[in-house]
Amino acid sequence: MSPDIQANYPVIIIGSGPSGSAIASELTRAGVRCLMLEAGKYYPRHLFPRPEIDYYSQIYWGGGIELDTTARNGIMRGKAVGGGTLAYQGIMYRFDEFVYQSWRDLSGISYFTEEDMQPWYDRAEPLLHMAPVDERYRNECSRIFLEGHRKLGYQAKPELRAQHNCQWDRGNDCIMCLGGCPLDSKGSMPHTVLKRALRQGLHLIPEFEVDQVEVKAGSIICRGRYRRDRRMSFSCRRLVLAAAPLGNTRLLLKSGFRDRLPALGKNFYIHAQWFHFGLFDQEINAHKGPFQVYGSQDMRLRRKGIKFENTFAPPAGLAWLYPGYGRRHHAFMRRYRYVSCIESSIRSFHPGTIRLDRNDNLVIDCGLTGDEYRRTREARNMAYQMLCSAGAREVATSCFSICPHHFGGVNMGVDGGRSCVDPEFHLHGFRDIYCADSSAFPGATGLNPVFTILALSIKASQQILKEMA
Amino acid sequence: MTSKYFTPAQLQVFNRIGDIIAPGDGVLPRFSETGLIHQIDRMAAYIPAQDAAGLRLLADTLRFMPDLAIRLLLKITTLNRYFPGPVGANLRKLNLGLKGIVFNLYYSFPDDPSGFSLRIREGISWDGAIRTRPAEPDDLPALVEAANPLNRDGSAR
Ligand SMILES: Cc1cc2nc3c(=O)[nH]c(=O)nc-3n(C[C@H](O)[C@H](O)[C@H](O)COP(=O)(O)OP(=O)(O)OC[C@H]3O[C@@H](n4cnc5c(N)ncnc54)[C@H](O)[C@@H]3O)c2cc1C
């Protein structure tokens, strides 16, 4: 081992979100010594950053959001032990034939079918406690959402959520858990899947940002900075990339993989989520109790690449999203409790790109075309109809979209010229580097991705174990 | 309190911008009156260096401009949809950046001894809460600590 290498491991995993956590859990269960490197901090549940300003700044990359080149879309990506799942809403979907058909078309990978993926979902399901929210707890915002769908003739159903014991009857509000759930009720990775891995002997270094990967004969070196300024390197026999689309792509581009992976950074997709607000005469109290309880589940909407969600935002987030400023804006905020909200999530069908500028900063082009914007307007009009039919006297749409779901950049496929990861989860041409996280998705999905990231990562783990044997 | 990232003169400019974005309405206070600008490092410490540099440059440029000019500039940023390509994108970025600073400080209710945060909180009747505590003790911090092969200074354990 060369003197600048701190230690050598059979497997290093970069990133501690659902993919990194699931792979760490599977490999350590089989007795493999693994090291996980995570750029973000570990926050114990009693030390989650609390005022909104602090959690946007601290648990997300870029100080909260990273804007794309149009500044219409703000990417939100978690930076903490647990990745995006510290902030997520725990909504779980098994993808169906509709998604897998499009993935097969894009990737040429034949196991993307409901049937072939089912065993992997079945293995992921017991890792988290999943259940819909009991109807008794739905608030007025949920009622408006449901009623609006009914009036427009669309189906909406309770979402399956990874959470338990939230104790809404004792006055708890899920909106408080957007910066981390202090009750451990939300199925975030640190106290579920990752905890298993830790108990099984996983080594974990938080606050370690890997900035270079170097492949040498028989070993892979990960170089980076620990706690911002200590430069260090670790080596491994096998490397798992689980740093999500922007993290993996940036790392591979910086490390010079573009020559061997011509598709690197090319097939990037998002769900652009727009908030539609309705101001009512009566109190709605959308921030109380559970939120994001229902979602549209209607094939006609899915074919259009539209999903409605019954979400809301805490005050600073809402103030930022709501258009305008000044006294009118104050007047709106003074009516915070009278606001209902429907979010439309627009699935991008056209690939965008991720590249680096001269200073190695990310340049994100979401690739949205007139088609995506047309569907955005269509969804906005539907949301307005739903809100107005329930009695909203004013409606407005957020001044930008947030994008908490992003996919690709290191996409899977059989063709090494058009994709980066082969069906057995290796980077094309690199047998010892694996990837099964959201960056490997061949396209957008229109549905919430975490359940599938877990399933795919468990499948990848079996592949890694097979090759190690 | 002073800022590690902005000079007092730059903070003054943000206060002037803040007073246009959050002018107060009798119940809600004017932004500059709250003194919340002095908590700007809570976010400045985490924004990318080039964004912070852009904000400093903006503040230095606006420093000697009258309020009316700043008001006009803000108005133009809201008209971004009429400007195609990078011009529109930069206007949007500016709009979101400035609104982000002001509203994040104003509506996050950070601890503030002068009581303005509380006044804003009450002004919008915000009462989101987690009222219970977890029953189980938290064994995760010890697990995470034990899993780290490095000491805090980076030396091997
Ligand atoms: C507010 C919000 C709500 C959401 N709600 C839902 C939901 O209800 N249901 C759902 O399915 N999905 C939801 N999502 C999306 C979901 O959280 C992400 O899709 C998912 O976490 C992606 O998993 P991943 O393993 O691919 O990457 P991530 O979870 O993003 O983890 C990647 C990790 O890698 C780390 N990293 C990056 N670069 C480096 C580097 N160079 N060195 C070391 N570490 C690095 C990051 O800090 C991060 O912790 C939500 C997201 C957000 C932000």
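Please treat every number below as a calculation from the coordinates, not as lab data. These figures come from a predicted structure and were not determined experimentally. Glycine also receives a Cβ, built like all others from the backbone with ideal geometry; neighbour counts cover every protein chain displayed.
Of the helices (runs of 4 or more DSSP H) lying entirely inside region A:315-427, those containing at least 3 residues that are surrounded by fewer than 21 Cβ atoms within 10 Å (Cβ to Cβ), within 14 Å of chain B (Cβ to nearest Cβ) and charged (D, E, K, R) are A:327-334. Of the candidates A:Ser461, A:Ser457, A:Ser439, the single residue that is of a type in the set (S, T, N, Q), within 16 Å of the ligand (Cβ to nearest atom) and closer than 20 Å to A:Gly74 by Cβ is A:Ser439. Condition check for A:Met36 on (1) part of a strand (DSSP E or B); (2) among the hydrophobic types (A, V, I, L, M, F, W, C); (3) more than 14 Å from the ligand (Cβ to nearest atom); (4) within 24 Å of A:His406 (Cβ to Cβ): one failure, at (3). Only one of the numbered conditions (1) away from chain B (no Cβ under 14 Å); (2) within 18 Å of the chain's Cα centre (by Cα); (3) in a helix (DSSP H, G or I) is not met by A:Tyr88, and that is (3).
Flag: B:Ala53 matches the condition of being in a helix (DSSP H, G or I), more than 9 Å from every other protein chain (Cβ to nearest Cβ) and within 18 Å of the chain's Cα centre (by Cα).
Only residues that are more than 13 Å from chain B (Cβ to nearest Cβ) and of a type in the set (Val, Ile, Thr) were counted in region A:1-20, giving 2. Return yes or no: is A:Arg72 more than 15 Å from the ligand (Cβ to nearest atom) and closer than 23 Å to A:His271 by Cα? The answer is yes for A:Arg72. Just one of the listed residues (B:Leu73, B:Leu68) is in a helix (DSSP H, G or I), more than 20 Å from the chain's Cα centre (by Cα) and over 30 Å from A:Pro49 (Cβ atoms), and it is B:Leu68.
Restricting the search to strands (runs of 3 or more DSSP E) fully inside region A:222-311 and requiring at least 2 residues that are among the polar types (S, T, N, Q) and in contact (Cβ under 8 Å) with a residue 40 or more places away in the chain gives A:230-241.
If you go through region B:56-78 and keep only what is in contact with a Phe, Trp or Tyr (Cβ under 8 Å, 6 or more places away or on another chain) and more than 9 Å from chain A (Cβ to nearest Cβ), you end up with B:Arg56, B:Ala59.
Pull up region B:124-147, narrow it to residues that are more than 33 Å from the chain's Cα centre (by Cα) and assigned to a loop (DSSP other than H, G, I, E, B), then point me to the one that is surrounded by the fewest Cβ atoms within 10 Å (Cβ to Cβ). Out of the qualifying residues, it is B:Pro137.
Can you say whether B:Pro48 is in contact with a helix residue (DSSP H, G or I) (Cβ under 9 Å, 6 or more places away or on another chain), surrounded by fewer than 19 Cβ atoms within 10 Å (Cβ to Cβ) and under 30 Å from A:Gly78 (Cβ atoms), as far as the supplied structure shows? Judged against the criteria, B:Pro48 is a match. Which condition number in (1) touching a Gly at 6+ places or on another chain (Cβ under 8 Å); (2) over 19 Å from A:Met92 (Cβ atoms); (3) surrounded by fewer than 22 Cβ atoms within 10 Å (Cβ to Cβ) is the one that A:His287 fails? The failed condition is (3).
Scanning region B:31-50 for residues that are more than 18 Å from A:Ala316 (Cβ to Cβ) and either touching a Pro at 6+ places or on another chain (Cβ under 8 Å) or within 12 Å of another protein chain (Cβ to nearest Cβ) (or both) yields B:Pro48, B:Ala49, B:Gln50. B:Phe109 is checked against (1) crowded, with 20+ Cβ neighbours inside 10 Å; (2) not in a loop (DSSP other than H, G, I, E, B) and fails just one. What number does that condition carry? Among (1) crowded, with 20+ Cβ neighbours inside 10 Å; (2) not in a loop (DSSP other than H, G, I, E, B), B:Phe109 violates only (2). Between A:Leu239, A:Leu194, the distinction of being under 25 Å from A:Glu467 (Cα atoms) and within 11 Å of another protein chain (Cβ to nearest Cβ) belongs to A:Leu194 only.
Of all residues in region A:222-233, those satisfying the criterion of being within 14 Å of the ligand (Cβ to nearest atom) and more than 8 Å from chain B (Cβ to nearest Cβ) are A:Cys222, A:Arg223, A:Gly224, A:Arg225, A:Arg228, A:Arg231, A:Ser233.
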